[in-house]
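What follows is one structure encoded as C-alpha cells, with my remarks underneath.
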Amino acid sequence: MASAGNNSSVGKWEVVKKSKKANGGKNPSDKKAGGRKALSESNLPRIDPAPPLKMSETIFEGFEKMAKKQNKEQVPPATGTDPPAKKAGVAKQQQKKPPPNGSGGAGGQSPVQFKTLEDAVKALDISELQQQLDRSQTLFPENPSVWVKDLAGYLNYKLQAPEGDPTLSSQTYDYPYCLVSKELKSLIKSVLVKCSASLHDFFDHCIYTMLRELDKLSGEPLHGYRICIQAVMLDKPKIATLNLTEHLELLRSHQNRPVKCLTIMWALGQVGFSDLSQGLRVWLGIMLPVLGTKALSSYAIAYLERLLMLHANLTKGFGIMGPKEFFPLLDFAFMPKNALSPSLQDQLRRLYPRLKVLAFGAKPETTLHTYFPSFLSRATPHCPDDMKKELLNSMTECLSVDPLSLGVWRQLYSKHLSQSSLLLNNLLKSWNTLPAKLRKNLQEKVQSFKVTNEEMSSSAGSQELLECNELCNSLQLKMKGRGFPWSRLLMAMLVFATGFLVHDIRSQGSFEASATAGYLQQSGLMSVSQQAWGKVSHYSQEGVSWLETNAPYYYSEAVTAVGPVLEVALEKTKIATVFIMEQCSDLAVWVKENAPRFIEWLNSNIPESVFQLIAYLKELLVFIHQNYVLPSLAYIKVSLEHAWQMFVESCDGEVSLHCVQNHVISISNSTWTYMQDTTVAIKNWAVELMSKS
C-alpha cells in the first residue's frame, strides 16, 4: 500500500518545479524527499558565480546542450536507489565532455583582461593552444571545420583587450594580424592548410559569430576572429568574393545597425590588402551599393583610398571595373548635392583619376567607345562646370584613342544636339592641340554632321541645330588652313626692303645719291634722323670723356670702401664652398648606397604600361631608323656622288682651284642678277604705284 501510495504520489509530480512544492508539505518519507531533491539539483545545470563567455558552437557543444535540456525536463526517479546510479551516469558523461569554450581546462575561471592587445598576444601560451588543437583533432578527426572553429574560439577567448572602432581606422591595414608572432602565424597557417576545404564556411562562421557577439550587451572582444579572418584572406583571398550577393543581403539586413555593417565591410575588405583585383570586387560589390548611406560612406571611401594608395601598380586591377560601375562613381564625385558630404566628395574626386585608369583598362583603344554614350548623355549645358570640363576632356580622349567612338557619336548625334554642340565647340577651341589622326578622322564626320543638319533643318529648325551647323562650318575652315601667315608676310617684306635698299645704293654709288635718300629728304625724315644721330653721337662722346676722367677716382674710392668687405665675403664663400663640398660628399655616399634600393623600388612600383610604352617607343625608333633614316642617308650619299661627278665633268675631268673660282663667280653673278632684276621690277612697280597716287 505504501509502495502503491508512493508510486501514486510520484505519478502526480511530473515537473521538477512542483517537486519543491511537494517537499514543502507534510511528506511522511523525508528520506525519499531528500533524495528526490538532491537528484533534481544534480540534474540542473550548475550556475557558476562568474561563467566564462561562450564562444561559437562546435558540433560537440550542440550535443551537450541537448543533453542538458533533456536532464532539465526529466521526471525524478521513484526509489531512493536510483539517484546514485543516475549520478554516476552524469559524472561519467561529464568526464567525457571537453572543456567549454576552448578555455584550456579553465572551467569557470574568467579570462585575464589586458590593457592592450599587444600585451594579450605576448601572454598567449602557444603550447597550450597546440594542445587544444591536438585534442580537437583527436576527438573530431573527420571534421576539420571543428578544428578551425576551436582555433578561433580559443584565440578570441584568450585575447581579452579593449576594442574601439569596428573598422580599426586608426591602426595599420594589417592590424591586429601584424601583432601576431611568427610562431603563432606558423601554427595558424598549418591549421588553415589542413582545413583548406572548410575555409569558406569558416570565414562565414567568423563573420556571423562576430555579429552575434555584437548583439550582446557585454559581448566579448573580437580580436581572435579578426586575426583568423586576416589569416584566411592571406591564404585564400578569393573566398571573400564567392558569395558577394549573399553578403550584400546580409549587410542590407543590418542597415539600421551601423556597427554591424562596418564589421561586415571590414571583414570582407581585408582581401584587398593582399590582392588588388579581389579588393576592387569587394568594394564594387559591397561598398559601392551603400555609398549613399551616411554612416557607411566615410569608411567606404577611406578604404578605397587606402587600397589605391597601397597598390601603386594598378595594372593588376584592370578588367574589374566597367561602365556600369564607373559612371556612378563619376556622378558621386562631380554631381552637387548628392548623398556624400562635400569633404567626402572632394576625397573621392582626388581618387577619380586612378579610378578612371582602372576603368579604361589595359587596352583603351578597344574599350573607350563603350564609355562614350554615357559621357555624351551627361554633358548637358546645365551640368556643373567641373563635371562639364571632365566630360569634354573624356570624350575628346575617347575620340582620340578609340576610332570607333566617332561612329558611336555619329549614331547619337541627331538625338543629342545640345551635347554635340558642346563637344564641337571644345574641339574647335582645342584644335591646335588635337592629335593629327583625330583631325584627319574628323573631316569625314563633320561633313556627315552637316548633311544631317541640312536634313533636320528642312523639317524643323532649332537654336541647337543652328549652333551645331555654325560649329561644323568653323571646323571645316580650320581643316582647310591655319589662317593668314602674317609672320611669313612680314619676313618677306623685310627681305625685299633690304634687297631694294642695297640695290639702290649699289646702283647709285652712294647712299646720298640713292633714290631712298631722295625720298627721305623730301619727306623730312632725313633731317630728323640726322639730328637724332648727332645728339646720340654728342652725348656718347661726353659719356666716354666723363668715364675717362672720373672712372679711376671712383674705382679707387670703391676699392677703399668695399675692399675689406669683399675680402671677408670671399673668405666666407670659401668656407661655404668647403662645407657644401663636404655635405655633397656625404650626400653622394648616401645616394650611392640608396640608389640600388631606389631603382629596385621603381622597378617594383612603376606600372607595366610605362615599360610597354618604352618598348613601343623603342620599336618605333627602330622602325624609323630602318625605313626612313637609312634610306634617306643612302639617297643623300647617291645624290652627293652624282653632284660631285657632274662637278668633275664640268671641270673637264680635273678639279682645280681655277675651276672652283669660276663656278663660285658664276653662281654669285647669277644670284646677284636674279636679285637685281627682281629689285628693279619691284622698284618700277612702286614708282608706278606712287605716280598714280
Odd one out for Glu571 among (1) more than 30 Å from Ala436 (Cα to Cα); (2) touching a residue at least 12 places away in the same chain (Cβ under 8 Å): (2)
Complete set of residues in region 375-400 that are of a type in the set (Gly, Ala, Ser) and crowded, with 16+ Cβ neighbours inside 10 Å: Ala379, Ser394, Ser400
Qualifying residue in region 401-408 (condition: of a type outside the set (A, V, I, L, M), more than 24 Å from the chain's Cα centre (by Cα) and surrounded by 21 or more Cβ atoms within 10 Å (Cβ to Cβ)): yes
Spans of helices (runs of 4 or more DSSP H) in region 167-284 with at least 1 residues among the small types (Gly, Ala, Ser) and either touching a Leu at 6+ places or on another chain (Cβ under 6 Å) or surrounded by fewer than 21 Cβ atoms within 10 Å (Cβ to Cβ) (or both): 182-194, 223-235, 244-253, 276-282
Residue identified as closer than 22 Å to Ile286 by Cα and free of Cβ contacts under 8 Å to residues at least 40 places away in the same chain among Pro237, Pro258: Pro258
Region 510-537 residues that are among the hydroxyl-bearing types (Ser, Thr, Tyr), paired with ones that are not in a loop (DSSP other than H, G, I, E, B) (beta carbon under 6 Å, 6 or more apart): Ser514/Asp504; Ser514/Ile505; Ser514/Gln508; Thr516/Leu501; Thr516/Asp504
Residue match in region 342-357 (condition: modelled with pLDDT of 90 or more, more than 20 Å from Lys389 (Cβ to Cβ), of a type outside the set (A, V, I, L, M, F, W, C) and not assigned by TED's automatic domain parsing to the domain that holds Thr172): yes
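One line per residue, one yes/no per condition, for (1) modelled with pLDDT under 85; (2) surrounded by 10 or more Cβ atoms within 10 Å (Cβ to Cβ); (3) closer than 26 Å to Leu308 by Cβ:
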site: Pro596; (1), (2), (3): yes, no, no
site: Ile599; (1), (2), (3): yes, yes, yes
site: Leu602; (1), (2), (3): yes, yes, yes
site: Pro607; (1), (2), (3): yes, yes, yes
site: Val629; (1), (2), (3): no, yes, no
site: Ile636; (1), (2), (3): no, yes, no
One residue from Val648, Val660, Val687 being under 30 Å from Phe500 (Cβ atoms) and over 60 Å from the mean Cα position of the chain (by Cα): Val687
Filter pass, Ala561 being within 30 Å of Met690 (Cβ to Cβ) and of a type outside the set (Phe, Trp, Tyr): no
The lone exception for Leu184 - which of (1) without any contact (Cβ under 8 Å) to a residue 12 or more places away in the chain; (2) farther than 23 Å from Ala302 by Cα it fails: (1)
Any chance Pro141 is out of contact with any strand residue (DSSP E or B) (no Cβ under 9 Å at 6 or more places or on another chain), at pLDDT below 90 and crowded, with 20+ Cβ neighbours inside 10 Å: no
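The values are calculated or read from the model by the stated rules, or taken from the named source; none is laboratory data. Source: prediction; values computed, not measured. In this analysis, Cβ positions are derived from the backbone assuming ideal geometry, glycine residues included, and neighbour counts consider all displayed protein chains.
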